[in-house]
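Some notes on the structure that comes next.
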Amino acid sequence: MLIDNINNLDRAYEFAEKCNESAVWSQLAKAQLGNDMVKEAIDSYIKADDPSQYMEVVSVASKSSTLFTMSFPLVISISSNSARSLIMQVALPR
């Protein structure tokens, strides 16, 4: 609702942290990705444990300078296998 009605991603992030539900993190991630906030979107998709949009993440990241500024330690700290695959595809330059 915060995302759709007032487009306040900071407040939406705070809400996601408070409720900590996968569906909320996924919605936030989608909105972040739509605003070219690639790193933030990846972090949110990881918290959601939702790799379903990995192709979109790769597409947006490949068009963004973020692709080359994301840090490798982020890849190492991921616990979910599906999220790890997502991050590795985005974070590692080809």
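See the values below:
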{"quantity": "Added length on full extension, which subtracts the Cα-Cα distance from 0.36 nm per residue, residue 11 to residue 49", "calculated": "11.6 nm"}
{"quantity": "Reach of residue 63 by Cα under 24 Å, taken over lysines that are not fewer than 8 positions away in the same chain", "calculated": "30, 39, 47"}
{"quantity": "Surrounding net charge for residue 53, when Lys and Arg each add one and Asp and Glu each subtract one, Cβ distance under 14 Å", "calculated": "-3"}
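All of the numbers you see were taken from the coordinates with simple rules; none came from a lab. Since we're looking at a predicted model, the values are computed, not measured. Heads up, the Cβs are rebuilt from the backbone with ideal geometry, glycines too, and the neighbour counts pull from every protein chain shown.
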